[in-house]
Amino acid sequence: MKKTAYFHIIENKEGITLQLHGNWRIESLDTIEKSFDKLLSRLSKVETITLDLRGLQHIDTGAMVFFISMRRKLKKIAKVRCIHIPDEFCRMFRLVRKYTYTPVVKKSSPLDFIIDFLANIGKRGEAMLLDFILFLDFLGQTAIAFARLLLHPALFRHKETAANIYKAGTTAIPIIALSAFLVGIVIAFQSAVQLQKYGANIFIVDMIGISIPRELAPLISAIIVAGRSGSSYTAQIGVMKITEEIDAMKTMGFEIFRFLVLPRIIAMMVALPLLIFFADIIGIYGGMLVAKLQLDISAAQFLDRLHNEVDVRHYYVGLFKGPFFAFIIATIGCFRGFQVSGNTESIGRYTTISVVNSIFLVIAMDAIFSVIFTELDI
C-alpha cells in the first residue's frame with residue numbers, strides 16, 4: 001500500500017482501490033492536485049480503479065470540481081467505480097456536476113477537413129463581398145463629391161492638391177528614375193544576348209521602344225507609387241481616424257471627401273502620367289546605353305531607328321493607362337485608411353492590405369488594357 005497526503009493506493013486482484021481521505025478544501029487544492037498527478041503514471045497500468053470515499057471527511061465545491069475532473073481523467077484510462085459514498089457527498093456531486101461545463105469531445109471524421117475548408121471559403125467570400133459593397137459605397141460618395149466640385153469649381157482645394165502632387169510626384173522621381181534605368185538595362189541586356197545570335201542587333205531598338213513605354217514604365221511606376229504614396233494615404237487617414245480628427249471635422253461641418261479624398265485622387269491622377277513619361281525617357285536611355293556597349297549601336301543610330309520605326313501610339317497607350325492606375329491607387333489608399341479603427345496595429349494591417357490590393361488591381365487592369373488594345377489593334 002502506498003500513501004500520500006490525500007490518497008491511499010491498495011492493490012488487489014480486481015485492480016487498484018484508491019482511498020480518498022482527509023478534508024478536501026479549496027485552500028489545499030494545489031496539494032491534492034500534485035498528489036494525484038504523482039499517482040497517474042501508476043494508475044494508467046490497471047484496468048479497474050475503485051474510488052473508496054469512506055475516509056473523506058469533508059469536501060467543498062471547489063474540491064468537488066477537481067474530483068469531477070479527476071474522475072473524468074481516470075475514466076479515460078480505466079473502468080472507474082465508486083464505493084462507500086456518503087449522502088452529503090452525493091448531494092454535492094449532483095449539484096456541482098449540474099452546473100459544471102463538461103466539454104463535448106467531437107469524434108473526428110474524414111469529412112471534417114473538407115467541411116472546415118468549405119466553411120473557411122464561405123467566410124472569406126462573405127468578407128470579400130461585404131468589403132466590395134463598402135468599396136462601392138465609397139466610390140459613390142467620391143463620385144458625388146466630384147460632381148459637386150464640378151458644379152462649384154470654387155470649392156477646389158488648390159494648395160492641398162499641389163502639395164499632394166509634390167509628395168506623390170516630385171519626391172518619387174529619384175526612385176522612379178533608378179528603377180526605370182535598371183529595368184531598361186536588364187531588358188536591353190537580355191534581348192541583346194538573343195538578338196546577337198541571329199544578327200538582328202538593330203531590332204533591340206524596337207523591343208525597347210515598344211516594351212518600356214507601352215508596358216514596363218506604366219507598370220513599374222504604378223507599383224512604386226502604390227507602395228510609396230498609396231500606403232502613405234492609408235496611414236495618414238488612418239492616424240486621423242484614430243486621433244478622432246475626422247470625427248471632429250464632421251462635427252464642424254467639413255466635407256470629408258472634398259477635404260481628404262479628392263485632393264489626393266486628383267493629385268495622383270496628375271502626377272502618375274508625368275512619372276510614366278519620365279520613366280519612358282530614363283528606361284529608353286538605359287536600353288540605349290546597353291545597345292552602345294553590348295551591340296555597338298551608336299546613340300544616333302538608336303534614336304534614328306526609334307524615330308522611324310516605333311509608332312508614337314505606344315507612348316500614348318502607356319500615358320493613357322496612367323490616370324486609371326492613379327485612380328485605383330489613390331482610391332484604395334483612402335478607402336483602406338477610413339477602415340482603420342481601434343489601435344496602431346490596425347494602421348499597419350490596413351496599410352499592408354492597401355498596397356497589396358493596389359498592386360493586384362493595377363496588374364489586373366494592365367492585363368485588361370493589353371487584351372483590349374490588342375483586339376482593337378492599337
Worksheet item: Quick one: would you say F132 is open to solvent by 80 Å² or more (accessible area, probe 1.4 Å) and in contact with a helix residue (DSSP H, G or I) (Cβ under 6 Å, 6 or more places away or on another chain)?
Response: no
Worksheet item: Looking at region 152-229, what helices (runs of 4 or more DSSP H) fall wholly within it and have at least 1 residues that are modelled with pLDDT under 85?
Response: 173-197
Worksheet item: So which residues in region 39-59 are touching a helix residue (DSSP H, G or I) at 6+ places or on another chain (Cβ under 9 Å), within 21 Å of R94 (Cβ to Cβ) and open to solvent by less than 30 Å² (accessible area, probe 1.4 Å)?
Response: L51, L53, L56, I59
Worksheet item: Name the pairs: first residue in region 314-325 and among the charged types (D, E, K, R), second residue open to solvent by 20 Å² or more (accessible area, probe 1.4 Å), Cβ to Cβ under 7 Å, at least 6 apart or on different chains?
Response: K321/F369
Worksheet item: What are the residues in region 348-378 that are closer than 18 Å to R228 by Cβ, at pLDDT below 90 and of a type in the set (V, I, T), if any?
Response: none
Item to complete: Please go through region 137-162 and pick out each residue that is under 18 Å from I329 (Cβ atoms) and free of Cβ contacts under 8 Å to residues at least 40 places away in the same chain.
Response: A143
Practice prompt. Please name all residue pairs, on different chains or six or more residues apart, with Cβ atoms under 7 Å, provided the first residue is in region 200-211 and is of a type in the set (G, A, S) and the second residue is open to solvent by 10 Å² or more (accessible area, probe 1.4 Å) and in a loop (DSSP other than H, G, I, E, B).
Written response: G209/V310
Discussion item. Tell me yes or no: at least one residue of region 347-356 is in a helix (DSSP H, G or I), open to solvent by 80 Å² or more (accessible area, probe 1.4 Å), more than 22 Å from L219 (Cα to Cα) and of a type in the set (S, T, Y).
Written reply: no
Worksheet item: Taking only pairs six or more apart or across chains, which ones have beta-carbon atoms under 8 Å, a first residue in region 13-41 that is more than 21 Å from P86 (Cα to Cα) and of a type in the set (D, E), and a second residue that is assigned to a helix (DSSP H, G or I) and open to solvent by 10 Å² or more (accessible area, probe 1.4 Å)?
Response: E33/F66
Response to the item:
By my count, helices (runs of 4 or more DSSP H) wholly in region 232-309 with at least 1 residues that are within 23 Å of L149 (Cα to Cα) and open to solvent by less than 10 Å² (accessible area, probe 1.4 Å) are 245-251, 262-295
Worksheet entry | Members of region 23-36 found to be closer than 22 Å to R97 by Cβ and open to solvent by less than 80 Å² (accessible area, probe 1.4 Å), listed by number | N23, W24, S28, L29, I32, E33, F36
Discussion item. Which residue is farthest from the chain's Cα centre (by Cα), if the candidates are limited to region 169-199 and must be surrounded by fewer than 18 Cβ atoms within 10 Å (Cβ to Cβ) and among the hydroxyl-bearing types (S, T, Y)?
Written reply: Y198
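The values are calculated or read from the model by the stated rules, or taken from the named source; none is laboratory data. All figures in this text were calculated on a predicted structure; none of them were measured in a lab. Note: ideal-geometry Cβ built from the backbone for every residue, glycine included; neighbour counts use all protein chains shown. Heads up: the accessible areas ignore ligands, DNA and RNA and are worked out on the full protein's heavy atoms, side chains in. Shrake-Rupley method; radii C 1.70, N 1.55, O 1.52, S 1.80 Å.
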